[in-house]
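Student: Quick one: this structure, given as C-alpha cells, is what I'll be asking you about.
FYI, it's all coordinate maths here, none of it is from the lab. Fair warning: this is a prediction, and the values are worked out from it, not measured in the lab. As a convention, Cβ positions derive from the backbone with ideal geometry for all residues, glycine included, and neighbour counts pool all protein chains shown.
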Amino acid sequence: MSALLEIRDLTVRRGECPVVDHATFTIAPGECVGLIGPNGAGKTTLLRAALGLMSHEGRSSLAALSARARARQAAWLPQAREIAWPVEVERLVTLGRLPHLPWGHRPGAVDRAAIAAALARMGLTGFESRRATELSGGEQARVLIARALAQESPLLMADEPIAGLDPAAQIATLETFSNLAREGRAVIASLHDLSLAARYCSRLLIMDKGRIVADGRPEDVLTEDALARVFHLRARVHATADGPLFQPLGVVT
Amino acid sequence: MKVAALPRTLGLGPSGPLGLCLAALLLLLFAASLLIGYTAIPAGKALSALIGAGDSLHVMVMREIRLPRTLLAALVGASLGLSGAAMQGYLRNPLAEPGLVGVSGAAALGAVIALQTGLAAAFAQALPLLSLLFAMGTVGVLLLLAGPRGGSLTLILAGIAVSALAGALTALVLNLSPNPYATAEIVFWMMGSVADRSMDEVWLAAPVTLLGWALLLTLGRGLDALTLGEDAAEAMGVSLGRLRLMLLAGVAASVGAATAVAGAVGFVGLVVPHLLRPLTGARPSTLLWSSALGGAAMVLAADLAVRLILPDRDLKLGVVMALIGAPLFLHLIYKTRRQGS
C-alpha cells in the first residue's frame with residue numbers, strides 16, 4: 001500500500017535557526033508512530049509543518065494537497081485544547097464530519113454512525129448532550145480526541161493527546177490508536193510518557209534539537225545510550241513478554 | 001438510540017421553533033412600526049395607502065415616512081446583529097462587537113467630515129456615500145496592519161488602533177468646527193436615528209447591506225469549525241485567510257451602510273448574540289441568522305419606543321438603544337457570574 005504521509009527534507013526556520021532540520025520519514029497504513037523528544041525538540045513544529053499549517057522548506061505529501069483533500073486524508077488534534085463555546089458534546093464531535101459534508105448538507109446516516117463510533121471508542125457514550133465546556137479537563141480532552149476520530153481519516157496526527165488524562169484514559173486512548181493502526185489506518189502522536197510510547201507504538205521517532213535522531217521499533221531505538229544523550233535520563237529498558245518495559249532511574253547531570 | 005436526535009447539527013438555515021418565533025416577532029414589530037406614528041391612520045387604510053390607494057396624505061405618510069423608517073430600522077438592526085454574531089464567532093469572544101474593528105468609527109468620521117465641510121448640504125447623498133467609503137477603506141487599513149497571516153489578536157489590536165484614530169479625528173473635526181450649528185448637527189447625527197429618512201437612503205443602503213449579509217451568512221461553517229481553535233479549523237479545510245477577508249468585507253459593507261444611513265447605534269451587535277446564544281445551543285452558524293432576525297426585531301422595538309415615549313422630543317434611537325442595552329448587558333454579566341460561581 002502507498003504511504004499515508006511522506007516527508008522529505010522538511011525544514012522549518014525561525015529566523016536563521018532551524019527548528020525542524022531536514023526531517024525525512026514516511027508513514028504507511030498500519031503504523032502507530034510515537035514522536036518523542038524533550039521539550040523544545042521541534043515535535044509540534046514538525047507535525048504542523050507536515051500538515052502545511054506553517055511555512056517550510058522541503059516536501060510533505062499532506063501540505064501538497066488542497067485544504068479539503070488534506071482534511072479527508074489527515075485529522076489533526078492540536079495540543080491546545082480549545083472549546084470556545086458551551087456546545088453539546090455530540091455537536092462538537094459532529095464538527096469532525098465537516099470535511100465530509102458538502103456545503104449546506106446535514107449529517108446523514110454515515111456521519112451519525114461515525115460520530116456514535118467515535119464517542120463509544122472514547123468512552124463518552126451517555127455524554128452526548130452534556131455541555132462540553134462544563135466537563136473536566138480530561139473529559140474535554142477525550143471529547144476532542146473523539147472529534148478527530150469522527151473525521152475517519154486514514155491518518156490521525158495528535159499533539160500530546162494523552163497529557164492530563166488519568167492513567168486508565170491514557171492507556172485506553174493509546175489502545176484506541178493502536179487499534180486504528182491495526183484496522184489499516186495510521187497514527188502519529190507526540191508523547192512524553194516513554195513507557196506508554198514503548199508499549200503501544202509500533203515505531204518511535206526520536207527528535208532532538210530539530211533533528212530526527214532515531215527511527216525504528218521501540219526496542220531498537222530506546223537504548224540506554226539514546227536515553228542518556230537525548231533525554232538526559234539514566235534508565236533501563238527490559239525486554240518482557242508484554243513488550244519493552246522502560247524504567248527511569250535518574251537524571252544524567 | 002440517542003443518535004436519532006442529531007441531524008439538527010450543522011444546519012445552515014432558519015429552522016425549528018426559534019426561527020419561527022423570531023420571524024413572527026419580527027413581522028409583528030415590522031407591522032407595528034408601520035402602523036404606529038404621529039398621524040393616526042387606521043390599519044386598513046394604512047395598508048392600502050402603502051400600495052398607493054386612498055387619502056393622499058395617508059399615502060405620503062406611509063410611503064415616504066413610515067416605510068423607509070421601518071425598512072431602515074430592520075436593515076440596520078439585522079446588519080448589527082449579524083455582524084456582532086460573526087465577530088464573536090470569529091474572535092471566539094462573547095465581548096466582541098462590530099465596532100471593535102473600527103468600521104463604525106471610520107463610517108462616523110466620514111459622515112462628520114461630510115457634515116462639517118458642507119458636502120452633505122450641497123449634495124443629499126454625500127453623507128452616506130462618504131461614510132460608506134470610509135468604512136470600506138477601513139478594511140484595507142486593517143489588512144495592511146494585521147498582515148496576510150495575522151491571527152485574531154492582531155486583528156483586534158489593528159481594529160482598536162483604527163477606532164482610536166477615527167475617534168481622535170472625529171474629535172478634531174468637532175474641536176475645530178467654526179460653526180456651532182454644524183457641531184450640533186454632528187452631535188445629533190452621532191446619536192443615531194432612523195427618523196426622517198427617505199427611500200433614497202433605503203435604496204443607497206440596501207444593495208451594500210445585502211452584499212454584506214450574503215458574505216457573512218456564508219461564514220457559518222468556518223465559524224463552527226473555529227469552535228475548536230484556529231489550528232484545528234484550518235486542518236479541517238477552513239481557509240482562515242479567506243474567512244477573515246469575507247468577515248471584514250461583510251462587516252464593513254453591512255455595518256458601514258447601517259452607520260452611513262442611521263449614525264452610530266451601539267449595543268445591538270453585542271447584546272443580541274449574547275441573548276440568543278443559549279437558545280441556539282451556542283452554535284455559531286445558527287447564531288448568525290438568528291442574530292440577524294433578533295437584531296432587526298430589537299432595533300424596530302427601540303425605534304417604536306422612541307416614538308411612543310417622547311413623541312415630540314425627537315429622542316434618538318442610539319440613545320434609547322444604549323439605555324436598553326447597557327442594563328441588559330449588566331443583567332447578562334450578573335447571570336454569567338452567578339453561573340460561574
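Student: State whether the stretch B:193-341 is rounded, prolate or oblate according to the following rule on the C-alpha gyration tensor (a ≥ b ≥ c being the square roots of its eigenvalues): a/c under 1.5 gives rounded; otherwise a/b larger than b/c gives prolate, and the remaining case gives oblate.
Tutor: Oblate, because a/c is 1.5 or more while a/b does not exceed b/c.
Student: Hey, got the average number of other protein chain Cβ atoms within 10 angstrom for residues in A:98-105?
Tutor: Per residue, the number of nearby Cβ atoms from other chains is 4 on average.
Student: For chain A, just list the percent of Cα-Cα distances falling in each 5 Å bin from zero outward, please.
Tutor: 1, 6, 13, 17, 19, 17, 13, 8, 5, 1, 0, 0
Student: If you project the alpha carbons of the stretch A:68-146 onto their three principal axes, what span does each projection cover, largest first, in Å?
Tutor: Projected onto its principal axes, the Cα set of the stretch A:68-146 covers 33, 26, 23 Å.
Student: Each residue of the stretch B:31-44 in turn: what ³J(HN,Hα) in whole Hz from Karplus with 6.51, -1.76, 1.60 and θ = phi - 60°, glycine and Pro shown as x?
Tutor: 5, 4, 5, 6, 9, 9, x, 4, 8, 7, 10, x, 3, x
Student: Work out from phi, with θ = phi - 60° and the Karplus expression 6.51 cos²θ - 1.76 cosθ + 1.60, the ³J(HN,Hα) of each residue of the stretch A:32-49, listed in order in whole Hz, and give x for Gly and Pro.
Tutor: Each residue of the stretch A:32-49 in turn: 10, 9, x, 9, 10, x, x, 4, x, 6, x, 5, 4, 4, 4, 5, 5, 5 Hz.
Student: Shifting gears a bit: Within 10 Å of each residue's Cβ, count the other Cβ atoms and sort A:His238, A:His22 from fewest upward.
Tutor: A:His238, A:His22
Student: Next question, about the same structure. Using the number of other C-beta atoms within 10 angstrom as an exposure proxy, rank B:Lys316, B:Lys335, B:Lys45, A:Lys43 with the fewest first.
Tutor: The order, fewest Cβ neighbours first, is B:Lys335, B:Lys45, B:Lys316, A:Lys43.
Student: Now for a separate question. Rounded to a whole number of µm²/s, how large is the Stokes-Einstein D of the stretch A:1-84 at 20 °C and 1.002 mPa s, given Rh as the Kirkwood radius over C-alpha pairs?
Tutor: 157 µm²/s
Student: Express in nm, to one decimal, how much length is gained between B:Leu210 and B:Ser239 on full extension, taking 0.36 nm for each residue of separation and deducting their alpha carbon distance.
Tutor: This chain segment gains 8.1 nm when fully extended.
Student: Applying the Karplus parametrisation 6.51 cos²θ - 1.76 cosθ + 1.60 with θ = phi - 60° to the phi angles of the stretch A:237-253, what ³J(HN,Hα) value in whole Hz is obtained for each residue in order, glycine and proline being reported as x?
Tutor: 10, 9, 7, 10, 5, 8, x, x, 10, 9, 9, x, 10, x, 9, 7, 10
Student: Based on the alpha carbons, how large is the Rg to Rh ratio for chain B when Rh follows Kirkwood?
Tutor: 0.99
Student: Bin width 5 Å, alpha-carbon pairs only: give the P(r) of the stretch A:164-216 as whole percents, running from 0 to the bin holding the largest distance.
Tutor: That works out to 4, 17, 29, 24, 15, 9, 1, in percent per bin.
Student: What whole-number distance in Å separates the alpha-carbon centres of the stretch A:51-78 and the stretch B:32-108?
Tutor: Cα centroid of the stretch A:51-78 versus Cα centroid of the stretch B:32-108: 46 Å apart.
Student: Taking amide H atoms as placed 1.01 Å from N in the peptide plane, list the residues 5 or more away in sequence, or in a different chain, whose amide H sits under 5 Å from that of A:Gln79.
Tutor: When sequence neighbours closer than 5 places are left aside, the close amide H contacts are A:Asp159.
Student: Something else: Please list the non-local residues whose amide H lies under 5 Å from the amide H of A:Val20, H modeled 1.01 Å from N, same-chain partners needing a gap of 5 or more.
Tutor: Long-range HN contacts for A:Val20: A:Val12.
Student: List every residue whose amide H lies under 5 Å from the amide H of A:Ala214, counting only residues 5 or more places away in sequence or on a different chain, with H placed 1.01 Å from N in the peptide plane.
Tutor: Here the answer is A:Ile206, since their amide H atoms fall under 5 Å of that of A:Ala214.
Student: Can you give the FRET efficiency for B:Met60 and A:Ser66, using 1/(1 + (r/R0)^6), R0 = 56 Å, r = Cβ-Cβ distance, to the nearest 0.05?
Tutor: Efficiency, rounded to the nearest 0.05: 0.45.
Student: For every other residue with a beta carbon closer than 12 angstrom to the beta carbon of B:Pro284, add +1 if it is Lys or Arg and -1 if Asp or Glu, then tell me the sum.
Tutor: +4
Student: Arranged by the count of other C-beta atoms within 10 angstrom, fewest first, what order do A:Ser55, B:Ser193 take?
Tutor: Going from sparsest to densest Cβ surroundings: A:Ser55, B:Ser193.
Student: On a C-alpha basis, how far is the centre of the stretch B:272-329 from the centre of the stretch A:234-253 in Å? Whole number, if you could?
Tutor: When both Cα centres are located, 64 Å separates them.
Student: Quick check on the protein assembly as shown: of the DSSP beta bridges with both residues there, what percent are antiparallel, nearest 5%?
Tutor: Antiparallel: roughly 60 percent of the beta bridges in the protein assembly as shown.
Student: What length, rounded to one decimal in nm, is gained on full extension from B:Val187 through to B:Ala24, with 0.36 nm per residue of separation minus their alpha-carbon distance?
Tutor: So the extension gain works out to 55.1 nm.
Student: Measuring from the lowest to the highest alpha carbon on each principal axis, how far does the protein assembly as shown reach, largest first, in angstroms?
Tutor: Between the extreme Cα coordinates on each principal axis of the protein assembly as shown lie 97, 56, 46 Å.
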